[in-house]
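Everything below concerns the one structure shown next.
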Amino acid sequence: MLRRNMTMLILVLLGVPWLLTTTATADATADLPRFEPGPCPIEVPDEAVVECGTLVAPEDYQGPAGRTVRLPVFIIRSPNPNVAPDPLLFTQGGPGYTSVNSVRDFATSSFVQERDVVILEQRGNLYAQPSLDCDIGMWLKEGVGHTPCLDSLRARGIDPLHYNAATIAADVGSLLGVLDYDQWNLYGSSFSTRLMILAMRDHPDRIRSVILQSVNAPTDTRYAHDPEHAVRSLELLFADCARDHACAVAYPKLEDQFYTLFSRLNAEPVGFEMADTATNETVTFTVDGYTLLGWMVGDTFYGPTRGYHKSAFLPYLIDAVEAGDTSLLYPWACLLYT
């Protein structure tokens, strides 16, 4: 039963990760889409000149007089006195990952040495309004005939049908039209390559060049299979250990240990004291079974691109933490918290 529930949890976490959003603002009196200059939603690097604002777009492009979405936009100005006239537009992969944290990387990148860099937060994501965030307790209840997370979005007036790749690509097109640049260079990675391909199709006259990293073609339906892939990544970890003589001898019950550890951490989460660099205050970061599950799936699912040592370390970590050495979770917690 526990493992079947774990499968359902991963189905929810990875099968609908980009249906993560809150409350949209109705504004039928102003022109849409439009760009509104405003404050940055996060602290930006001191060494960069960053201007922020919001792309205001209709939730439903077919019914622009209805609700709106508000999407944070960052414009990182190039320090080059001979700046190229065509900026780079980036939005994160995922789907469901915030683009906002990319500001720190692009602010010191080689891209901004030649041209402005524009970063768009996708609709439904962390800093967008609305954000499709949903309480983890509701996620766990999702399943056949049970959709409390989606129901909670609809109760707030949000229509999940307007939070998809085609509509996000329309937001990209809207941003191309409302900022004062004639030509653009697009940069998409993973899921956002799908958005950039759609933008290429719909706005070829505005695009100078495109970077597609880890292409996710519009015809690809792989996200429908992510839950089973995530489960399989864990199963392969356990099976690989069982086939390896040294691993099997050291950790003969690795799979059972993992699920025991998962349940124990949910019942008794581990807290780590962390320094909040923004406030200089000490805060407690809690690691429960679901946190560990997310780390495990990430490192097994993407292990080949992160180096084999990442996933090869996991049997030792599971065994040690299950035996009581929770200190091994601290470096992971630091990476996640910071």
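Residues are listed down the side, and each one gets a yes or a no for (1) within 22 Å of Pro227 (Cα to Cα); (2) modelled with pLDDT under 75; (3) in contact with a Lys or Arg (Cβ under 9 Å, 6 or more places away or on another chain):
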| site | (1), (2), (3) |
| --- | --- |
| Gly289 | yes, no, yes |
| Leu292 | yes, no, no |
| Met296 | yes, no, no |
| Pro304 | yes, yes, no |
| Gly307 | no, yes, no |
| Leu314 | yes, no, no |
| Asp325 | no, no, no |
| Ala333 | no, no, no |
| Tyr337 | no, yes, no |
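Just wondering, is there one or more residues in the range 260-272 that are open to solvent by 70 Å² or more (accessible area, probe 1.4 Å), free of Cβ contacts under 8 Å to residues at least 40 places away in the same chain and among the polar types (S, T, N, Q)?
No, that holds for no residue.
Could you pull out every one of the helices (runs of 4 or more DSSP H) wholly within the range 142-205 that has 3 or more residues that are in contact with a Lys or Arg (Cβ under 7 Å, 6 or more places away or on another chain)?
Those helices (runs of 4 or more DSSP H) span 165-178.
Suppose we filter Pro218, Pro252 for residues that are without any contact (Cβ under 8 Å) to a residue 24 or more places away in the chain and assigned to a loop (DSSP other than H, G, I, E, B); which single one remains?
The unique qualifying residue is Pro252.
Please tell me if Gln122 is surrounded by fewer than 24 Cβ atoms within 10 Å (Cβ to Cβ) and at negative phi.
Taking the combined requirement at face value, the residue does not satisfy it.
Condition first: under 17 Å from the mean Cα position of the chain (by Cα) and at pLDDT below 95. Can you find one or more residues in the range 117-124 that meet it?
For the range 117-124, residues under 17 Å from the mean Cα position of the chain (by Cα) and at pLDDT below 95: present.
Are any residues in the range 36-71 open to solvent by less than 10 Å² (accessible area, probe 1.4 Å), in contact (Cβ under 8 Å) with a residue 40 or more places away in the chain and within 23 Å of Tyr181 (Cα to Cα), and if so, which ones?
The answer is Leu55, Ala57, Val69, Leu71.
As an exercise: evaluate Met8 against (1) modelled with pLDDT of 85 or more; (2) more than 21 Å from Val103 (Cα to Cα); (3) open to solvent by 40 Å² or more (accessible area, probe 1.4 Å); (4) not hydroxyl-bearing (Ser, Thr, Tyr) and give the number of the one condition it does not meet.
(1)
The values are calculated or read from the model by the stated rules, or taken from the named source; none is laboratory data. All figures in this text were calculated on a predicted structure; none of them were measured in a lab. A quick note on method: Cβ atoms are made from the backbone with ideal geometry, for glycine too, and the neighbour counts reach across all protein chains shown. Note: accessible area is taken over every heavy atom of the protein model, side chains too, but ligands, DNA and RNA are not part of it. Shrake-Rupley method; radii C 1.70, N 1.55, O 1.52, S 1.80 Å.
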